[in-house]
Amino acid sequence: MTLKRIPIIPTLLVLAAVGVMVRLGFWQLDRLHQKALLQQRYAAAQGMNADVPWPRTKADAEQLLFRHSRIDCRAPAADQPLSGRNAKGESGWSHMVACTLADGGKAEIVLGWSRDFAPRQWAGGAIGGIVAEGIAAPARLFVDAPLAGLEANARPDPKDLPNNHLSYAFQWFLFAATALVIYGLALRKRLSA
């Protein structure tokens with residue numbers, strides 16, 4: 001008699017939703033391990049001394065992040081200050097220019113750091129630095145030595161990549177448990193009425 005009073009469709013919907021939430025929790029646990037491996041790969045890349053060719057696509061850039069590269073910037077655009085940190089960890093402005101390379105490719109060059117927002121001028125030329133994820137171009141180059149009268153910018157570090165997938169997994173599992181508890185309380189109230 002009790003089973004006839006349990007609503008079938010709402011129960012199935014709640015169980016389906018709980019199943020999806022649990023699956024998302026396990027997916028986040030998988031992402032946790034993938035991100036840890038990626039961070040290890042990027043940390044190993046920092047120790048490699050050989051220059052790599054400048055990445056032409058986002059996919060190429062992902063394979064070359066945190067490696068050293070050299071480029072020849074022929075046509076730097078106007079300075080675009082972005083919030084950033086210097087080598088000492090102080091907050092201020094990282095000065096970046098979009099650049100057309102000698103072969104027609106695109107790059108973003110982080111020239112250095114300053115406390116002020118005032119635009120800097122740089123005529124371009126051959127430079128080397130660390131490959132980082134680009135904003136509008138496939139990649140950014142953080143120069144080895146600051147240019148245009150700027151201070152050294154903080155170097156890209158794989159430790160700065162967030163790996164908060166464990167907390168996301170916990171949230172999904174908590175959502176699933178909460179949904180079950182709430183639905184259980186609603187069923188209990190319905191069956192006792």
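The values are calculated or read from the model by the stated rules, or taken from the named source; none is laboratory data. As the structure is a prediction and not an experimental result, all values here were calculated from the model. Neighbour counts run over all protein chains shown; Cβ positions are idealised from the backbone, glycine included. Side chains are part of the model used for accessible areas, which takes the heavy atoms of the whole protein and leaves out ligands, DNA and RNA. Shrake-Rupley method; radii C 1.70, N 1.55, O 1.52, S 1.80 Å.
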Among the residues listed as Leu147, Leu161, the single one being at pLDDT below 95 and open to solvent by less than 50 Å² (accessible area, probe 1.4 Å): Leu147
Listed residues Asp60, Asp103, Asp30; which is open to solvent by 60 Å² or more (accessible area, probe 1.4 Å), more than 30 Å from Ala118 (Cβ to Cβ) and either in contact (Cβ under 8 Å) with a residue 40 or more places away in the chain or in contact with a Pro (Cβ under 6 Å, 6 or more places away or on another chain) (or both)? Asp60
Some residue of the stretch 166-176 being touching a strand residue (DSSP E or B) at 6+ places or on another chain (Cβ under 7 Å) and closer than 24 Å to Ala43 by Cβ: no
Take the residues in the stretch 76-89 that are among the small types (Gly, Ala, Ser) and either open to solvent by 50 Å² or more (accessible area, probe 1.4 Å) or without any contact (Cβ under 8 Å) to a residue 40 or more places away in the chain (or both); name whichever of them is nearest to Asp144 (Cα to Cα). Ala87
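Do we find that Val131 is among the hydrophobic types (A, V, I, L, M, F, W, C), in contact with a strand residue (DSSP E or B) (Cβ under 9 Å, 6 or more places away or on another chain) and either closer than 30 Å to Ile8 by Cβ or surrounded by 19 or more Cβ atoms within 10 Å (Cβ to Cβ) (or both) in this structure?
yes
Of all strands (runs of 3 or more DSSP E) completely enclosed by the stretch 106-193, which ones contain at least 3 residues that are closer than 20 Å to Asn49 by Cα and touching a residue at least 24 places away in the same chain (Cβ under 8 Å)?
Those strands (runs of 3 or more DSSP E) span 125-133, 139-143.
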Quick test of your reading of the structure: Gly47 fulfils all but one of (1) surrounded by 11 or more Cβ atoms within 10 Å (Cβ to Cβ); (2) out of contact with any Lys or Arg (no Cβ under 8 Å at 6 or more places or on another chain). Name the failing condition by number. (1)
Return yes when Gly92 is open to solvent by less than 80 Å² (accessible area, probe 1.4 Å), more than 23 Å from the chain's Cα centre (by Cα) and farther than 28 Å from Arg41 by Cα and no when it is not. no
